[in-house]
Amino acid sequence: MGSGPNVAVFGAYGHTGRFVVAELRERGYVPLLLGRDQDKLLALVQNQPGLEARRASVDDKASLDRALNGATIVINCAGPFATTAAPLIEAALRAGIPYVDVAAEIEANLDTFAHFAEPARAAGTVVVPAMAFYGGLGDLLVTAAMGDWTAADEAHIAYGLSSWHPTAGTRVAGAVSGQRRGGRRVRYTRGRLEYHDNALPTLEWPFPAPLGAQSVIGEFTMADVVTIPSHLAVPEVRTYMTAKAAADLSAPDASAPTAVDERGRSAQTFVVDVLVRSNGTERRMVAAGQDIYAISAPLAVEAVDRILTGRTRTIGVASAGAVFDAPDFLRALSSHLTLHVPLGTNG
């Protein structure tokens, strides 16, 4: 067991939370296991000898304050984040510690930027939302691809998922987001979010080999439309999802991920293909790996490590690309991600 700083993990027994706890232990941190379900916490502790579990609920401020006592930072892995993010951020600010979450919900991330930018800045701490596969990874890739550009005309993030077996948390969070936007769809265009009822287009996206061209759903909008414009001057941010994965997600009988290796990862593979354009010049960066839920753990834990060791660029609410050195951060994930820049695309 590690003997490093205590890192509170809210939702430690959830699908992503378990990956985060394992990653923290592997890197020498001591996870504090937090959640609202006492039975699930006890079951987790039985399989995690030497760790401490603390029951806490987002509707009980005192329980959150007790749970964060002695923690150096908190990672929120419990959705729906429309419900959990604000109470956890408030508790972190009361405790004087940084906050990181893995929220993919567009509206929840918007709320975090809108409501906590000033309080976090006044407290001299950092709040990093969407530090996960959706929102964080795309932001890091776009930021790295832009390099010395201070602005771009458009950014495209294409998700090449081999399949998508959603967790129960993903399905609940998606339902909450859908309710919040009244069933409408959302896109980021002309420098702002637009809600609409138009059908989503289907087109071909030229993923690099070996994946190759794939049918994708256009305007399959993810948290990147919040994180990227929060610090980059890009008026058009468009995201795409392979049609097969989109169909898996919406299937009424969709099954949860099934572990296929010792880390608990599923067989799902992914390619994230990022393309930015400015004045006719294109820059591109590609990341590939296994299991979109599992990769959120090294993303979040690397963020924690950089925050606790002072390798940050700002305070307040900030996305991954704003608060961290994006190219260096991505290089640090080399054991989890394969990165490359296709020839002829970086100007």
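Overview of results
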{"read-out": "Options 146, 34, 128, ranked by Cα towards positive dipole end of the range 1-152, top entry (Cβ charges)", "value": "34"}
{"read-out": "Exposure ranking of 141, 339 by accessible area [1.4 Å probe, largest first]", "value": "339, 141"}
{"read-out": "The chain: antiparallel DSSP beta bridges as a percent of all, rounded to 5", "value": "55 percent"}
{"read-out": "Dipole-positive endmost among 336, 290, 321 within the range 265-347 (Cβ charges, Cα centre)", "value": "321"}
{"read-out": "Cβ-placed point charges (K, R +1; D, E -1), dipole of the range 243-347 about Cα centre in debye, nearest 20", "value": "380 debye"}
{"read-out": "For the range 131-268, share of DSSP beta bridges that run antiparallel, in % to the nearest 5", "value": "65 percent"}
{"read-out": "Sum of -39500 (n - 2.57) over DSSP H runs of 4+, divided by residues of the chain (222 nm, nearest 500)", "value": "-10000 deg cm²/dmol"}
{"read-out": "Cα centroid separation - the range 43-103 against the range 277-347, whole Å", "value": "25 Å"}
{"read-out": "Heavy-atom accessible surface of the range 1-90: percent carbon and sulfur, 1.4 Å", "value": "45 percent"}
{"read-out": "Estimated dipole of the range 150-307 in Debye, rounded to 20 [Cβ of Lys and Arg +1, of Asp and Glu -1, Cα centre]", "value": "420 debye"}
{"read-out": "Size of charge dipole - the chain - debye, nearest 20, with Cβ of Lys, Arg +1 and Asp, Glu -1, no other charges", "value": "320 debye"}
{"read-out": "In degrees, nearest ten, helix 106-123 long axis to first principal axis of the chain (Cα)", "value": "60 degrees"}
{"read-out": "Distant alpha-carbon pairs in the range 1-154 (separation over 19 angstrom), percent", "value": "54 percent"}
{"read-out": "Positive dipole terminus of the range 233-347, leading residue within 258, 243, 281 (C-beta point charges)", "value": "281"}
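The values are calculated or read from the model by the stated rules, or taken from the named source; none is laboratory data. Fair warning: this is a prediction, and the values are worked out from it, not measured in the lab. Neighbour counts run over all protein chains shown; Cβ positions are idealised from the backbone, glycine included. Surface areas here come from the heavy atoms of the whole protein model, side chains and all, with no ligands, DNA or RNA. Shrake-Rupley method; radii C 1.70, N 1.55, O 1.52, S 1.80 Å.
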